[in-house]
Amino acid sequence: MGDIMKNLTILPADTYTVINKTILSDSDLKLISRLYQPIIGYTAVSLYLTLLDDLDKLELMSEELTHHHLMSTMQLKLEDIVIAREKLEAVGLLKSYVKKDSINHYAYLIYSPLSANEFFSHPILNVVLYNNLGKKEYDKLLNLYKIPRINLKDYEDVTCSFNEVFTSVKGSVLEIEGDITKRDSNNILINKGIDFNLLISSLPKEQISDKCFSNEVKELINALSFTYNLNTLDMQGLVRNSLNEKGLIDKNLLRKSCRDYYQFDNNGSLPTLIYNKQPEYLKKPQGDNSKWAKMVYTFENITPYQLLKARYKGAEPTDRDKRLIENLLIEQKLNPGVVNVLISYVLKINNEQLTKGYVEAIAGQWKRLNIETVEEAMKITEKEHKKLKKMMENRKTKDTSKKSSNNKQDDSKLPSWFNIDPKTTTTTEEDTKEMEEILTSLV
């Protein structure tokens, strides 16, 4: 279904119906605002609330509406609505179906958020929330949902049972109705998973129970492998060490083992922000069609991992480079779009190499200057490069031919956005072609 939706162009005239698969309370909406919003962003939360508003008076199902209605209500472009919808799908708040026709019709199924206990126990959402908020804000949220402990040691349990209060009477057999509304949350799907045939075959049969690899356990293993970037071979030893005396997997021990394994392999860092994009609230408003704006849009809407992989010509980036980028995001706390600019700049002027000291020196300066947006990062690289170039020129000999040659070489190594006027709102055919080549290489 996901691949079909990605390859399908949605038009404003395409219709949709919202179907409520759950019962939502005010506390659920607070959960979405507090726990989900730092992960999916304000726009995705706004779409969730807008779809809820589309429901009928009984809050069961909406009438048939067009996507133009969503565009008008939210004052957003359709592509931004689609991005927000995909984020809701990714965290399990929404499921989407499509029926193709001359005008396509979509069904959007609304689900509840996970409970606070489920969320803070989730192997993916909990880690991403921690990384996005930082320890201080995360601990604040965690304390909000902690149950107060009361010592009942000196109390006696006097709760009545059902049969002490009610008496059974004879009656007709009643068939249970299965279509009554209920609170329902949706599982997060991880398509890239562990090879369980290989994993199970690698474990001694006498050590594992027939019930060891339940669907719940498999989902946990897949989620942990995604969160901590572990492959099947990595997971074999971790699973083996998490088996208890009954031949079942101790899920808490497996979580801890995966976390410890990752931190040991990554200098104590928690995973991993290299797959995150620039936060929505720090993105440049759409509407500008200039070459500069398209470059900004590119850096805002790809992850540092995608950029690295593109510069590796599709090959997996080295662990060293991934750790370096992770450090920029976690330790230096630079935003993903800003890191994209830094990567692109350093690779371009440093012979396609990410030299750790050089990268961290620039990152430290940008942190001190509080560089948060892609545009700020692009402008500061131009400014600093001009300073560097001037210093280099002052150190050169008075040999003008050599000087001219070196200057030309420097200019050929500049990133694509250098010397573009951000105020220019028109692009030439040559600019458009160049931008398409850049964008294609970064996808």
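Structural remarks
- All positions within region 36-77 that are more than 30 Å from residue 126 (Cα to Cα) and in a helix (DSSP H, G or I): 67, 68, 69, 70, 71, 72, 73
- Whichever residue in region 332-350 is open to solvent by 20 Å² or more (accessible area, probe 1.4 Å) and in contact (Cβ under 8 Å) with a residue 24 or more places away in the chain and, among such residues, is farthest from residue 132 (Cα to Cα): 349
- Every residue from region 12-23 that is surrounded by fewer than 17 Cβ atoms within 10 Å (Cβ to Cβ) and either of a type outside the set (Val, Ile, Thr) or assigned to a helix (DSSP H, G or I) (or both): 12, 13
- Count of residues meeting criterion [touching a residue at least 24 places away in the same chain (Cβ under 8 Å) and surrounded by 15 or more Cβ atoms within 10 Å (Cβ to Cβ)] in region 42-58: 10
- Just one of the numbered conditions (1) more than 19 Å from the chain's Cα centre (by Cα); (2) within 25 Å of residue 383 (Cβ to Cβ) is not true of residue 312: (2).
- Here the helices (runs of 4 or more DSSP H) wholly within region 303-385 that include at least 2 residues being over 18 Å from residue 292 (Cα atoms) and out of contact with any helix residue (DSSP H, G or I) (no Cβ under 8 Å at 6 or more places or on another chain) are 319-330, 356-368.
- Qualifying positions in region 351-366 - within 19 Å of residue 302 (Cβ to Cβ) and open to solvent by 20 Å² or more (accessible area, probe 1.4 Å): 352
- Counting residues in region 182-198 that are open to solvent by 60 Å² or more (accessible area, probe 1.4 Å), more than 30 Å from residue 61 (Cβ to Cβ), part of a loop (DSSP other than H, G, I, E, B) and modelled with pLDDT of 80 or more gives one or more.
- Given (1) at pLDDT below 85; (2) part of a helix (DSSP H, G or I); (3) within 21 Å of residue 313 (Cα to Cα), number of the condition residue 416 does not satisfy: (2)
The values are calculated or read from the model by the stated rules, or taken from the named source; none is laboratory data. All of these numbers come straight from a predicted model, not from anything done at the bench. For neighbour counting, all protein chains shown are included, and Cβ atoms are generated from backbone atoms with ideal geometry for every residue, glycine included. The accessibility values were calculated without ligands, DNA or RNA, using every heavy atom of the protein model including side chains. Shrake-Rupley method; radii C 1.70, N 1.55, O 1.52, S 1.80 Å.
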